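J.: Following this message is one structure expressed as structure tokens.
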Amino acid sequence: MVLGNPQLSRFFVKRNIPFFCADIVAHDALKPNSPIYKKIIKLFSKEIVRVNGELDRKIIADRVFTDPVLRKQLEKLIHPFVMNKFLLFKKKNKGLLFADIPLLYEAKWQHLVDFVLVITSSKKNQLSRLKVSRGWSNKEVLRRIASQMPIKSKMAKADDVIFNNADKETLYKKIDFWLIKQKKRLTVPIAHV
């Protein structure tokens, strides 16, 4: 699950490290100017289109997190869109890059990065943070977590893990310390899942 996504973005921008957020790009895929906008409407029906033309993400989420087949169909549309944006990001930015890609393993994109860092916290903290930051219910949070690979599996596959059970300042210190340790070794894209 994405933990503190806006915090991570600000952290890396302040340090002049290019940062890619798959969730932001996935949300862009739902906008009326997106090349897959009409395909998404066709997949769900016009009931997901708001009066202003934007797609209702709550309706989409309610449906895809209760219907795994529908979720896979949506991912078949959104994942190539996100991957193309990520490949453009990598081409445009050289040196140390950081990408927040929650579904890195599920989408089988680990070959696109040279190093995977998992930033995680206790399930209790995940629930609390997502309820506060996104306004989701316990049920909504648990459905999203259940739709992803278990965090323990991601941790086992990752090159490194940072535990984030404290505040954002503590997380920033941990990432700074991690970057100092890794800086000489890493001049390649890093993914956070």
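The values are calculated or read from the model by the stated rules, or taken from the named source; none is laboratory data. Computed from a predicted model, the values in this text were never measured in an experiment. Note that we place each Cβ from the backbone using ideal geometry, even for glycine, and neighbour counts take in every protein chain shown.
J.: Take region 124-139 and flag every residue that is surrounded by fewer than 15 Cβ atoms within 10 Å (Cβ to Cβ) and touching a Leu at 6+ places or on another chain (Cβ under 9 Å). Walk me through it before giving the result.
T.: First pass over region 124-139, keeping only residues surrounded by fewer than 15 Cβ atoms within 10 Å (Cβ to Cβ): 124, 128, 131-135, 137-139.
If the condition is that a residue be surrounded by fewer than 15 Cβ atoms within 10 Å (Cβ to Cβ) and touching a Leu at 6+ places or on another chain (Cβ under 9 Å), then Asn138 is the only one that fits.
J.: Looking at region 32-54, which of its residues are β-branched (Val, Ile, Thr) and either farther than 19 Å from Phe65 by Cα or buried (at least 17 other Cβ atoms within 10 Å of the Cβ) (or both)?
T.: First, the residues of region 32-54 that are β-branched (Val, Ile, Thr): 36, 40-41, 48-49, 51.
Residues satisfying the conditions are Ile36, Ile40, Ile48, Val49, Val51.
J.: Something else about it: Out of the residues in region 166-186 that are assigned to a loop (DSSP other than H, G, I, E, B) and surrounded by 12 or more Cβ atoms within 10 Å (Cβ to Cβ), which is modelled with the highest pLDDT? Break it down stepwise before answering.
T.: Of region 166-186, the ones assigned to a loop (DSSP other than H, G, I, E, B) are 166-167, 183-186.
Filter again for surrounded by 12 or more Cβ atoms within 10 Å (Cβ to Cβ), leaving 166, 186.
Numbers: Ala166: 87, Leu186: 58.
Result: Ala166.
J.: OK, next. With the requirement that a residue be within 23 Å of Lys181 (Cβ to Cβ) and either modelled with pLDDT under 85 or surrounded by 16 or more Cβ atoms within 10 Å (Cβ to Cβ) (or both), what does region 91-109 give you?
T.: Matches in region 91-109: Lys94, Gly95, Leu96, Leu97, Phe98, Ala99, Asp100, Ile101, Leu104.
J.: Would you point out which residue out of Ala156, Ala146 is farther than 28 Å from Arg57 by Cβ and either surrounded by fewer than 14 Cβ atoms within 10 Å (Cβ to Cβ) or aromatic (Phe, Trp, Tyr) (or both)? Spell out the reasoning first.
T.: Working: Ala146 fails: farther than 28 Å from Arg57 by Cβ.
That would be Ala156, the only listed residue that is farther than 28 Å from Arg57 by Cβ and either surrounded by fewer than 14 Cβ atoms within 10 Å (Cβ to Cβ) or aromatic (Phe, Trp, Tyr) (or both).
J.: What helices (runs of 4 or more DSSP H) completely inside region 1-86 contain at least 2 residues that are within 17 Å of the chain's Cα centre (by Cα)? It would help to see each step written out before you state the result.
T.: Numbers: elements: 5-14, 22-28, 37-44, 57-64.
Once the helices (runs of 4 or more DSSP H) in region 1-86 are filtered for at least 2 residues that are within 17 Å of the chain's Cα centre (by Cα), what remains is 5-14, 22-28, 57-64.
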